[in-house]
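A.B. asks: Let me give you the structure first, and then I'll get to my questions.
The values are calculated or read from the model by the stated rules, or taken from the named source; none is laboratory data. Given the structure is predicted, the values throughout are model-derived calculations rather than measurements. Here the Cβ is made from the backbone with ideal geometry for all residues, glycine too, and neighbour counts use every protein chain on show. What goes into the accessible areas is simple: the full protein's heavy atoms, side chains included, and nothing from ligands, DNA or RNA. Shrake-Rupley method; radii C 1.70, N 1.55, O 1.52, S 1.80 Å.
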Amino acid sequence: RRERAVLWCVLVAAWEAAWGQLRYSVPEELPKGSFVGDVAKDLGLELPALRGGGVRILDRGRTQYFSLHGKTGHLVTAERIDREQLCESVQQCVLRCEVIVEGEMKIYKIEVEIMDINDNAPSFKEIELEERISETTAPGSRFPLAEAHDPDSGLNSLRSYELSGDEHFSLAVEAGPAGAQRPELVLAKALDREASAFHELVLRESDGGDPARMGTARIRVVVLDANDNAPVFSQAEYTVRVPEDMPMGSTLVTVTATDADEGMNADVKYSVKTISEKASQIFQLNAGTGAITLVRSLDFEEGDLYELEVQARDGGELFDRTKVVVTVTDVNDNAPELTVSSSLSEISEDAPSGTVVALLHVQDRDSGANGEVRCSLDEGLPFRLEKSFEDYYRVLTARELDREEVSEYNVTVRAWDGGSPVLWSSAVLSLRVLDVNDNAPVFAEASYSARLSENNAAGALVLMVHAADADWGQNAHVRYRLSEGRVRGTPVSSYVSVQAETGALYALRPFDYEEVREVWVWVVAEDGG
């Protein structure tokens, strides 16, 4: 790391909301909690919605490098970010996350580009190098040297090489793919093993940072007696296609080189000269046979193409190189991942058709038909599935609900891919239907009758009426009362009463058959809605 302090100014890139996206950029290695962008301002969100927890970053089970500040609506770093660790060999390093606004049922994608700083010096895999060169080698001959590696990118990456130490050698740098620089040792003056059997050189490499960082390797050149035939590979390039479920220990390909010399000068040994860190953990080369075997399981989703540069060297240290390209083909080994991003736990029975009850996200890490996902709901339920955008689906009501018919639903959403065999996953949405007072009480009988002997006691039970309500809770709580009416000019309520909770009808005074032989009473049942 640099010894002097560096002050970074966070530059916020232009953001766009046409498709629900924001984009920011920050330098790597910022401390935890550093400002990335004002999400609340850029999305036009109110701070009360943030404090209420209605806006949050979706958790997909991956490492979260950013968090949303609940009071300010600022997007900040959740930990120190190392660009080289996250984006090896990627020119543009972009991290993505998704913000959900619960009240609006909306998803916003956020992309944050991690900008490089010059925090790594160029380095060689080995700082002590050895080149073995025949004394008969003609001046002008070139010998590839190990390339330095600088994890930084852009101007901060490797820029130049410098060689010092001996007049017999000079340095040439060839341009490789994607702007790579390949150093080569050039024989400037004929060698004489008898005059000098060894030559000590120093190779320095520097990057383009300000200030520049530098790395060093020592090269020892061993001068050999004559060996005039180099090994030759049977192919300039080997290509092989393998499925990602190939068992560990399998031989992928065997490279072969022959040497026209005899004895030790024809004894060919194989080695890998150029390979990525990831590939070095997956493939193993047999130095004696040239067989490349699998030492770790392949995963198409992690890598589908690997390139190795293999060198064949004889006992006299002459060599040839070939390229090995391994293409990994996809196997349907990943089931669709179905995630409930947001859902309701209860809904009113008078909610209109088309009410959104859940927001789902579905993805499949496989490719092609293996990664094509379809979704469905159980049949016969008053719900339907609708694609929202990209990999998001909404579950909506297909018609109005009736709590009196079904008071609770367990809706199963299934997702399956197009692979063979088909892989699938499911999620269950539990939804309780809330009651609305849409049912009136109904008496068990249209009319009730009872006989009462005259001269009855005051307070005698005449009969019981009963009404039921199909609703629930307070909406189904029934109370009874008498309707206005008169008997021989006297209010009916002076003759009988009804108990509000039970529906029991009582005589309030003794009846005289000669005065009143029949009494009609209207009883009203009302619910608590």
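A.B. asks: Once you put a point 7 Å from the Cα of A260 and another 7 Å from the Cα of S494, both along the Cβ direction, what distance in nm separates them?
C.D. replies: 13.9
A.B. asks: Going toward the positive end of the dipole of the chain, with +1 on Lys and Arg Cβ and -1 on Asp and Glu Cβ, which of L22, S367, V433 do you reach last?
C.D. replies: Going by the charge dipole, the pick is V433.
A.B. asks: Give me the accessible area per residue for segment 20-112, probe 1.4 Å, as a whole number in Å².
C.D. replies: 50
A.B. asks: For N456, which sequence-distant residues (separation of 5 or more, or a different chain) have an amide H within less than 5 Å of its own amide H, given hydrogens modelled in the peptide plane?
C.D. replies: F511
A.B. asks: Just in segment 399-497: which trypsin sites (Lys or Arg not before Pro) are loop by DSSP and have at most 14 other Cβ atoms within 10 Å?
C.D. replies: R399, R451, R488
A.B. asks: Right, another one. Which length gain, in nm to one decimal place, applies between K387 and S353 when the Cα-Cα distance is subtracted from 0.36 nm times their residue separation?
C.D. replies: Details: separation 34, 0.36 × 34 = 12.24 nm, distance 1.68 nm.
Extending this stretch completely gives an extra 10.6 nm.
A.B. asks: If R0 is 45 Å, what FRET efficiency do you get for R80 and R132 from their C-beta distance, rounded to 0.05?
C.D. replies: On the way: r = 44 Å, r/R0 = 0.99.
Taking R0 as 45 Å, the efficiency between R80 and R132 is 0.50.
A.B. asks: Once every DSSP H run of n ≥ 4 in the chain is given -39500 (n - 2.57) and the sum is divided by its residues, what mean residue ellipticity at 222 nm do you get, rounded to the nearest 500 deg cm²/dmol? Before the final figure, lay out the partial values.
C.D. replies: Numbers: 4 runs with 18 residues, N = 529.
Here the helix-only value at 222 nm equals -500 deg cm²/dmol.
A.B. asks: The chain: longest stretch without exposed chymotrypsin sites (Phe, Trp or Tyr not before Pro) (DSSP loop, at most 14 other Cβ within 10 Å), sites themselves excluded?
C.D. replies: Details: sites that count: W8, W19, F389, Y513, W520, W522.
Here the longest segment lacking exposed loop sites spans 20-388.
A.B. asks: Once phi is turned into ³J(HN,Hα) by the Karplus curve 6.51 cos²θ - 1.76 cosθ + 1.60 with θ = phi - 60°, what whole-Hz value does each residue of segment 273-285 show in order, with x for glycine and proline?
C.D. replies: In residue order, the calculated couplings are 9, 10, 7, 6, 4, 5, 5, 5, 8, 9, 10, 9, 9 Hz.
A.B. asks: Heavy atoms only, 1.4 Å probe, whole protein assembly: order M264, M115 by accessible area, highest first. It would help to have the intermediate numbers written out before the result.
C.D. replies: Working: M264 135, M115 75 Å².
My answer, sorted largest first, is M264, M115.
A.B. asks: What does the extension gain come out to for K109 and S297, with contour length at 0.36 nm per residue minus their alpha carbon separation?
C.D. replies: On the way: separation 188, 0.36 × 188 = 67.68 nm, distance 3.28 nm.
Full extension of this stretch gives 64.4 nm more.
A.B. asks: So what is the relative contact order for the chain, in percent, with contacts set as C-alpha pairs under 8 Å and at least six apart? The partial results should precede the final answer.
C.D. replies: On the way: 1191 pairs, mean separation 41.0, N = 529.
That works out to 8 percent.
A.B. asks: If exposed means no more than 10 neighbouring beta carbons inside 10 Å and the site is in a DSSP loop, what's the longest run of the chain without any exposed GluC sites (Glu not before Pro)? Before the final figure, lay out each step's value.
C.D. replies: Numbers: sites that count: E3, E126, E167, E194, E262, E379, E405, E445, E484, E501, E514, E515, E518.
By the stated rule (loop sites, at most 10 other Cβ atoms within 10 Å), 4-125.
A.B. asks: Here is a further query. So, with a 1.4 angstrom probe, what is the percent of accessible area on segment 337-434 that is carbon and sulfur? Let's see the in-between values first.
C.D. replies: On the way: 2160 of 4950 Å².
Ligands and nucleic acids excluded, carbon and sulfur reach 44 percent.
A.B. asks: Something else: Can you give the extra length, in nm with one decimal, that the chain gains between E514 and D438 once fully stretched, where that is 0.36 nm per residue apart less the Cα-Cα distance?
C.D. replies: Details: separation 76, 0.36 × 76 = 27.36 nm, distance 4.64 nm.
Extra length from E514 to D438 when fully extended: 22.7 nm.
A.B. asks: Sorting D469, D350 by accessible area (1.4 Å probe), largest first, what list results? Kindly include the intermediate steps, with their values, before the conclusion.
C.D. replies: Values: D469 25, D350 90 Å².
Correct descending sequence by accessible area is D350, D469.
A.B. asks: For the full complex of protein chains and a 1.4 angstrom probe, list V94, V295 by accessible area with the highest value first. List each step's numbers first, then the result.
C.D. replies: Numbers: V94 30, V295 60 Å².
Solvent-accessible surface, decreasing: V295, V94.
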